[in-house]
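The values are calculated or read from the model by the stated rules, or taken from the named source; none is laboratory data. Quick caveat, the model's predicted, so the values are computed rather than measured. Counting neighbours? That spans all protein chains shown, and the Cβs are built from the backbone with ideal geometry, glycine included. Side chains included, ligands, DNA and RNA excluded: accessible areas come from the protein's heavy atoms. Shrake-Rupley method; radii C 1.70, N 1.55, O 1.52, S 1.80 Å.
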Amino acid sequence: MSTLVFYNYKGGVGKTTMSVLAADHLSRSGKRTLLIDFDPQRNATQFLEASYGEIKTRQSVEEALKKNSLDKSIVKLDNKLDVIPGSWKLSLWPSSLEKVPQMSRHTILKQAISRVKSNYDYVIVDVPPTTSEFTHNAVFAADYVVIPVPAQRSGYNALKDSINYLTGLKKDFGLTFKVSGFVLYLVAKSNRTNQTIAKELRDNFGKSVFSNEIYNRDRVTRWSDKGITHKKTDTHDKKTHEMYSLVFHEMLYRMGDED
Ligand SMILES: Nc1ncnc2c1ncn2[C@@H]1O[C@H](COP(=O)(O)OP(=O)(O)OP(=O)(O)O)[C@@H](O)[C@H]1O
Ligand SMILES: [Mg+2]
């Protein structure tokens, strides 16, 4: 079992979209997948609700973490796809940890995941931007971190902040997760600023940058509003899934899970 986190210090860079579509892709290819919505904004949950209807859980994720057992918070969505939905109450969770010693505070999610990991091939944790107890816990639990990077100047700077944060945690706490690489998110092939910054990133970071890229596609916003569709006769569905699929194949290849 591997735990994956799509992380970037910056907000609105496609973390949740990648988490949800990776869960969709992996579960459809037969992998037992759990998506944990570890963001009080609960965007991943809303995205999935557009496809599967209202997601109700017997126990909220913050309650489940207090009890160190995720079982009652897991909801089955499909044959191979489970989710732990997010809740706004999760925003109160960090302040409830003030008396917990630092080291145990950062490993709460990791411990809880370790009790269910035998049921899954992949656990994906969707996190809010910036740094917080949510991101610390997700990174402590992670085996692999993938950084989505918008090909804009602000994206470049956020990538540096993200790398500093991740290497800082690695060094300070001896964590062993691997950064699989950076996935470029571009507005359009014709956008010159995007292309210039994409080139700069490739020149400076070499193989750390995924060969496959994500582009702005209206179909993605439609999926998040009306649900994910897989219509074989619909070119937009087909092309958009293919674009994400190439990135996820490369991700698995980089993880050593696929040829
Ligand atoms: N490939 C894409 N094409 C078009 N729109 C996209 C694409 N990927 C993401 N978006 C849209 O961009 C917005 C931000 O994406 P998303 O919510 O995945 O980012 P995020 O990094 O999770 O944001 P936050 O930091 O707030 O959690 C959303 O409205 C989403 O639908
Ligand atoms: Mg998000």
Number of the condition not met by Gly181 [criteria: (1) in a helix (DSSP H, G or I); (2) modelled with pLDDT of 95 or more; (3) away from ligand 2 (no atom under 16 Å from the Cβ); (4) not polar (S, T, N, Q)]: (1)
Members of the stretch 21-43 that are open to solvent by less than 10 Å² (accessible area, probe 1.4 Å) and within 8 Å of ligand 1 (Cβ to nearest atom): Asp39
Residue count for the stretch 119-161, restricted to those that are surrounded by fewer than 19 Cβ atoms within 10 Å (Cβ to Cβ), under 18 Å from Phe38 (Cβ atoms) and free of Cβ contacts under 8 Å to residues at least 40 places away in the same chain: 1
Tally, over the stretch 111-131, of residues that are more than 15 Å from ligand 2 (Cβ to nearest atom) and either farther than 21 Å from Val146 by Cα or not polar (S, T, N, Q) (or both): 12
Residue that is nearest to the chain's Cα centre (by Cα), among those in the stretch 178-190 that are under 13 Å from Pro150 (Cβ atoms) and without any contact (Cβ under 8 Å) to a residue 40 or more places away in the chain: Phe182
Tally, over the stretch 194-220, of residues that are open to solvent by 90 Å² or more (accessible area, probe 1.4 Å) and either of a type in the set (S, T, N, Q) or assigned to a helix (DSSP H, G or I) (or both): 5
Residue list for the stretch 1-20, restricted to those being closer than 24 Å to Ala112 by Cβ, within 16 Å of ligand 1 (Cβ to nearest atom) and not in a loop (DSSP other than H, G, I, E, B): Leu4, Val5, Phe6, Lys15, Thr16, Met18, Ser19, Val20
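Residue by residue, here is whether (1) part of a helix (DSSP H, G or I); (2) out of contact with any Leu (no Cβ under 7 Å at 6 or more places or on another chain) holds:
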position	(1), (2)
Ile36	no, yes
Phe47	yes, yes
Lys56	no, yes
Glu62	yes, no
Leu77	no, no
Asp82	no, no
Selection count, the stretch 203-259, where residues are in contact (Cβ under 8 Å) with a residue 24 or more places away in the chain and at positive phi: 1
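Conditions tested, residue by residue: (1) of a type in the set (Val, Ile, Thr); (2) modelled with pLDDT of 95 or more.
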position	(1), (2)
Ser118	no, yes
Ile124	yes, yes
Val127	yes, yes
Glu133	no, yes
His136	no, yes
Asp143	no, yes
Val146	yes, yes
Val149	yes, yes
Ser154	no, no
Subset of the stretch 162-178 [part of a helix (DSSP H, G or I) and open to solvent by 10 Å² or more (accessible area, probe 1.4 Å)]: Ile163, Asn164, Tyr165, Thr167, Gly168, Leu169, Lys170, Lys171, Asp172, Phe173
Selection count where residues are surrounded by 13 or more Cβ atoms within 10 Å (Cβ to Cβ) and of a type in the set (Ser, Thr, Tyr), scope the stretch 180-193: 2
